[in-house]
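Read through the structure below, which is laid out as structure tokens, and then see the notes.
The values are calculated or read from the model by the stated rules, or taken from the named source; none is laboratory data. Just so we're clear, the structure is a prediction, and the values are computed from it rather than from any experiment. Note: ideal-geometry Cβ built from the backbone for every residue, glycine included; neighbour counts use all protein chains shown. Accessible surface is based on the protein model in full, side chains and every heavy atom, while ligands, DNA and RNA are left aside. Shrake-Rupley method; radii C 1.70, N 1.55, O 1.52, S 1.80 Å.
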Amino acid sequence: MKKFQDISLLQYNTFGIDVRSRSLICYESEDELIDLIRNSKEELQQPILNIGAGSNLLFLEDFKGTILKSMIEDVSVLEEDECKVRVRVGSGWIMDEFILYSLQQGWYGLENLSDIPGQVGASAVQNIGAYGVEIGERIEAVNCISLEDGTMRTFCREECRYSYRHSIFKTPEYRGRYAVTSVDYCLDKIFTPNIEYAGIRQVLGSDGVDITGLSAMQLRNTVISIRKNKLPDPKVQGNAGSFFMNPIVDSATFERLKSMYADMPGYVVDDSHMKIPAAWLIEQCGWKGAALGRAGVHSRQPLVLVNLGGATGNDIRLLSDRIQRDVLGKFGVKITPEVNFI
Ligand code: EPU
């Protein structure tokens, strides 16, 4: 376990916001965390915030409590047969490192999520998704410890209530109450490529890759190259990936907007709902590549807000508010941040 007092959070959030925390404790096992909560409560200043890689956080001010961070990196096979493997993965693994590891073991299903920043634990909270796959589809259970009393609790997939960028852990009732310590995935031992996403098919076609013989590693590399082309590297320019979620509207609203904006893209969610790319809405409002002080909108993917250098959390929030207001004003559609404001 590593403990720090009055520490800069610069390297603990990918937005690169320079705030401090009263304390930070990095735990390396479930037992360490349980012991801390049950027996050393005096070391935990309220409020308590359990973070992952800080790739979905926007700090607005110094944090007055204790930040907990998982460094649990165990991995164990729970069960396997010729077709499937159930594997338990510590929440402190970097998601992309685990994806690479899984492919090296011949375990498939996560390759489309390659290169998404973040840790295994946080990805189960956010239900990260990309290129036609959401992590919730592969999760069997999320193993947690209560931050209130140190008891262990496992949430099976149904209990996690996964939907687009959502889980039970984001609801007002459960938010901030549990630290995820490990995630159980069900992965395939037979590779079936998921290349439904138009962007992937396009790149595979233009790269001249023979899709019949496509390997999982080739698919991973394709996803990585698409992301690298579009998305800024947080190590170079602070950002938290998609800042907003794509709004879901009812079909009548979608049709009404479509009659006004014929080129508006949309994706079917279910019989009565459509998803509109927030990137398109933001671009139509003239924000693509624009800036407000030290906060900017990325020039290739307007869904991503960037720290142009030395931005505060409030600089980013101001920009986010302006974009939300403009999108609401022009289209009557509310876009909601995916990023958590702290
Ligand atoms: N678009 C524009 N202008 C642009 C860019 C995109 O109008 O400059 C429109 C286009 O119509 C395009 C559509 O937006 O077809 C979708 O763009 P993209 O394929 O880049 O996906 P996205 O909906 O913007 C989502 C996820 C990403 C994920 C990609 C690929 C959310 C909030 N974001 O973005 O996730 O990588 O799909 O699956 O759902 C993240 O969460 O950090 C993230 C990057």
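Just order 117-127, 282-292 by mean Cβ neighbour count inside 10 Å, highest at the front, would you? Walk me through the numbers before you get to the answer.
Working: 117-127: 26.7, 282-292: 17.2.
Result, highest mean first: 117-127, 282-292.
Distance between the C-alpha centers of region 26-80 and region 239-258? Whole Å please.
Rounded to whole Å, the Cα centres lie 33 Å apart.
What residue among 198, 320, 238 has its Cα farthest toward the positive end of the dipole of the chain, where the charges are +1 on Lys, Arg and -1 on Asp, Glu, each on the Cβ?
Checking the options against the dipole of the chain, the answer is 320.
Could you give the dipole magnitude of the chain about its Cα centre, charging the beta-carbon of Lys and Arg +1 and that of Asp and Glu -1, in debye to the nearest 20?
Roughly 1280 debye, rounded to the nearest 20.
Accessible area per residue, 1.4 Å probe, Å², for the chain: what's the number? It would help to have the intermediate numbers written out before the result.
Values: 15650 Å² over 342 residues.
It amounts to 46 Å² per residue over the chain.
Along region 67-73, what does the Karplus equation 6.51 cos²θ - 1.76 cosθ + 1.60 (θ = phi - 60°) give for ³J(HN,Hα), rounded to whole Hz, x for Gly and Pro?
For region 67-73, the Karplus-derived couplings read 9, 10, 9, 6, 10, 6, 10 Hz, x marking Gly and Pro.
Run the reach check for residue 170 against lysines, Cα to Cα strictly under 26 Å, same-chain hits fewer than 8 apart removed. What comes back?
41, 64, 69, 275, 334
How do 293-306, 186-199 rank on mean C-beta neighbours within 10 Å, highest first? Don't skip to the end; give the middle numbers.
Working: 293-306: 21.2, 186-199: 14.5.
Top of the packing list down: 293-306, 186-199.
Given the convex hull of the Cα atoms of the chain, what is a quarter of its surface area in nm²?
17.9
Using a 7 Å offset from the Cα along the Cα-to-Cβ direction at both residue 215 and residue 75, what is the distance between the two label points in nm, to one decimal?
Modelled inter-label distance: 1.7 nm.
Tell me, what is the FRET efficiency for residue 198 and residue 60 to the nearest 0.05, using R0 = 41 angstrom and their Cβ-Cβ distance as r?
Details: r = 37 Å, r/R0 = 0.90.
Result of the calculation: an efficiency of 0.65.
Can you give the calculated 222 nm mean residue ellipticity of the chain, where each DSSP H run of n ≥ 4 adds -39,500 (n - 2.57) and the sum is split over every residue, rounded to the nearest 500 deg cm²/dmol?
Details: 9 runs with 92 residues, N = 342.
Result for the chain: -8000 deg cm²/dmol, rounded to the nearest 500.
Over 17 Å, how big is the tail of the calculated P(r) for region 161-223, in percent of all Cα pairs?
Details: 1157 of 1953 pairs.
Of all Cα-Cα pairs in region 161-223, 59 percent lie more than 17 Å apart.
I'd like the carbon and sulfur percentage of the solvent accessible area for the chain, probe radius 1.4 Å, heavy atoms only, ligands and nucleic acids excluded.
Working: 7660 of 15650 Å².
The nonpolar share, carbon plus sulfur, comes to 49 percent.
Kyte-Doolittle cut-off -0.5, length cut-off 18 Å along the helix's own axis using Cα: show which whole DSSP H helices in the chain pass. Write out the running numbers ahead of the final one.
Working: long enough: 216-230 (21 Å, -0.54); 313-331 (27 Å, -0.48).
Helices passing the filter in the chain: 313-331.
Quick one: which of 224-231, 56-63 comes out on top by average Cβ neighbours within 10 Å, and what's the full order, highest first? Numbers along the way, then the final one.
Values: 224-231: 14.9, 56-63: 19.8.
Top to bottom by mean Cβ count within 10 Å: 56-63, 224-231.
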